[in-house]
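To start, the structure itself, in structure tokens.
The values are calculated or read from the model by the stated rules, or taken from the named source; none is laboratory data. Every value quoted in this text rests on a predicted model; they were computed, and no experiment measured them. No Cβ is skipped: glycine too gets one built from the backbone with ideal geometry, and neighbour counts run over all protein chains shown.
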Amino acid sequence: MFSIPQGKPGVVGNFVSQPREVFYSGREFAQFWAPPVTVDGTASGNALNAPYTWLLWAGMPMGRITASGKYANSIIGLSGSATASGATSIATDVNTAAEIVRRIGASGTFKLTGSPTAGGTVATQIVTYSAVNTSTGVITCSATSAAAVTQSPIQPTDGSETILTLLCEVDGLQVVDQTHTNRVDVFCGRLLAGGGTINTGMIVNYPSDASLKTYIKSAIRAACPGVTFLDDITG
């Protein structure tokens, strides 16, 4: 379903949006997927912008849902502390916890991508969880198969966890109708296809661990040829 005006005529509530420029030195070398590209409004969300999680920020890594071919964000949020091998709980922030419940459910599976030690080899494991405490951010799960450093990406398992592009809409992308109540699929004209220097400070859910940064940048480079990253230039 796409966004179709609903409701009575009149003025609806207004929201303030802070523009975010993904490119460090303009867009002269950037290329974008030919529009229209469909972003899944139900599957997509921005936990960092709670309670307005329906506004996706520029710089959000995006992937394609296998079943539908629609795009959604590749990272739901980051872990809040290091996770030990065999752990039966994973910490995150309360907004990410709420977004896990909204997008996946009160129980289910997600992927945790991290390295066992700082700067180590990045690996992805599937985590089966049985409960999410949205007041504390603690996720109850089956024993993890490997350790993962803090700020490890928590990702979906629908195919969109594979990073293919970055959202480059400067003013963000709303995945709701004009009432800001009903989630809808929307068309997007600015999904990165290649080129340009990315301001890594604008990448949403960009982790602090060096190996995880490399993991995310490598995924973007593989799908978007010619891209460079500011922190590779400035150190």
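Which residue is surrounded by the fewest Cβ atoms within 10 Å (Cβ to Cβ), if the candidates are limited to segment 17-60 and must be part of a strand (DSSP E or B) and touching a strand residue (DSSP E or B) at 6+ places or on another chain (Cβ under 6 Å)? Can you show your working first?
Residues of segment 17-60 that are part of a strand (DSSP E or B), as a first pass: 23, 31-32, 37-39, 55-56.
Narrowing further to those that are touching a strand residue (DSSP E or B) at 6+ places or on another chain (Cβ under 6 Å): 31-32, 37-39, 55-56.
Numbers: 31: 15, 32: 19, 37: 20, 38: 17, 39: 23, 55: 17, 56: 26.
Filtering segment 17-60 for residues that are part of a strand (DSSP E or B) and touching a strand residue (DSSP E or B) at 6+ places or on another chain (Cβ under 6 Å), the one surrounded by the fewest Cβ atoms within 10 Å (Cβ to Cβ) comes out as 31.
Which residues, counting only those in segment 61-70, are assigned to a loop (DSSP other than H, G, I, E, B) and more than 17 Å from residue 100 (Cα to Cα)?
Within segment 61-70, 66, 67, 68, 69, 70 meet the criteria.
Among the numbered criteria (1) in the same structural domain as residue 217 (by TED's automatic domain parsing); (2) farther than 18 Å from residue 220 by Cα, which single criterion is violated by residue 58?
So the condition that residue 58 fails would be (2).
Pick out the one residue from 150, 200 that is under 19 Å from the mean Cα position of the chain (by Cα), of a type in the set (S, T, N, Q) and farther than 28 Å from residue 108 by Cβ. Lay out the reasoning, then the answer.
Details: 150 fails: farther than 28 Å from residue 108 by Cβ.
Testing whether each residue is under 19 Å from the mean Cα position of the chain (by Cα), of a type in the set (S, T, N, Q) and farther than 28 Å from residue 108 by Cβ leaves just 200.
Take the conditions surrounded by 20 or more Cβ atoms within 10 Å (Cβ to Cβ) and of a type in the set (Val, Ile, Thr) and apply them to residue 65. Does it pass?
Values: surrounded by 20 or more Cβ atoms within 10 Å (Cβ to Cβ): no; of a type in the set (Val, Ile, Thr): yes.
Here the answer is no, as residue 65 does not meet what is asked.
Mind counting the residues in segment 84-109 that are part of a strand (DSSP E or B) and in contact with a Ser or Thr (Cβ under 6 Å, 6 or more places away or on another chain)?
Final tally of qualifying residues: 5.
In segment 132-156, what count of residues is obtained for those that are surrounded by fewer than 22 Cβ atoms within 10 Å (Cβ to Cβ) and either within 16 Å of residue 96 (Cβ to Cβ) or of a type in the set (D, E, K, R) (or both)? Let's see the steps before the verdict.
Within segment 132-156, the first condition is being surrounded by fewer than 22 Cβ atoms within 10 Å (Cβ to Cβ), and the residues that meet it are 133-138, 140-147, 150-151.
Applying the additional criterion that residues be either within 16 Å of residue 96 (Cβ to Cβ) or of a type in the set (D, E, K, R) (or both) yields 133-138, 140-141, 150-151.
Number of matching residues: 10.
Where the second residue is assigned to a strand (DSSP E or B) and at pLDDT 95 or above and the first is on the phi > 0 side of the Ramachandran plot and assigned by TED's automatic domain parsing to the domain that holds residue 107 and lies in segment 118-133, which pairs have Cβ atoms under 8 Å and are six or more apart or on separate chains?
Hits for this filter: zero, empty list.
What is the residue count in segment 207-224 for residues that are in contact (Cβ under 8 Å) with a residue 24 or more places away in the chain and within 15 Å of the chain's Cα centre (by Cα)?
6
Out of all the residues in segment 157-171, is one or more under 21 Å from residue 87 (Cβ atoms), within 17 Å of the chain's Cα centre (by Cα) and surrounded by 14 or more Cβ atoms within 10 Å (Cβ to Cβ)? Give the steps one after another, and end with the answer.
The first filter runs over segment 157-171 and keeps only residues under 21 Å from residue 87 (Cβ atoms), leaving 157, 161.
If we keep only those that are within 17 Å of the chain's Cα centre (by Cα) as well, we get 157, 161.
After this cut, where a residue has to be surrounded by 14 or more Cβ atoms within 10 Å (Cβ to Cβ) as well, the list is 157, 161.
Checked against the condition, which is being under 21 Å from residue 87 (Cβ atoms), within 17 Å of the chain's Cα centre (by Cα) and surrounded by 14 or more Cβ atoms within 10 Å (Cβ to Cβ), segment 157-171 yields at least one hit.
Within segment 97-107, identify whether any single residue is under 12 Å from residue 152 (Cβ atoms) and crowded, with 17+ Cβ neighbours inside 10 Å, and answer yes or no.
Filtering segment 97-107 down to residues under 12 Å from residue 152 (Cβ atoms) leaves none.
Within segment 97-107 (the criterion being under 12 Å from residue 152 (Cβ atoms) and crowded, with 17+ Cβ neighbours inside 10 Å), the answer is no, since none of the residues qualifies.
Being surrounded by 20 or more Cβ atoms within 10 Å (Cβ to Cβ) and at positive phi is the filter here; which residues of segment 177-235 pass it?
Once the filter is applied, which keeps residues that are surrounded by 20 or more Cβ atoms within 10 Å (Cβ to Cβ) and at positive phi, segment 177-235 yields 196, 205.
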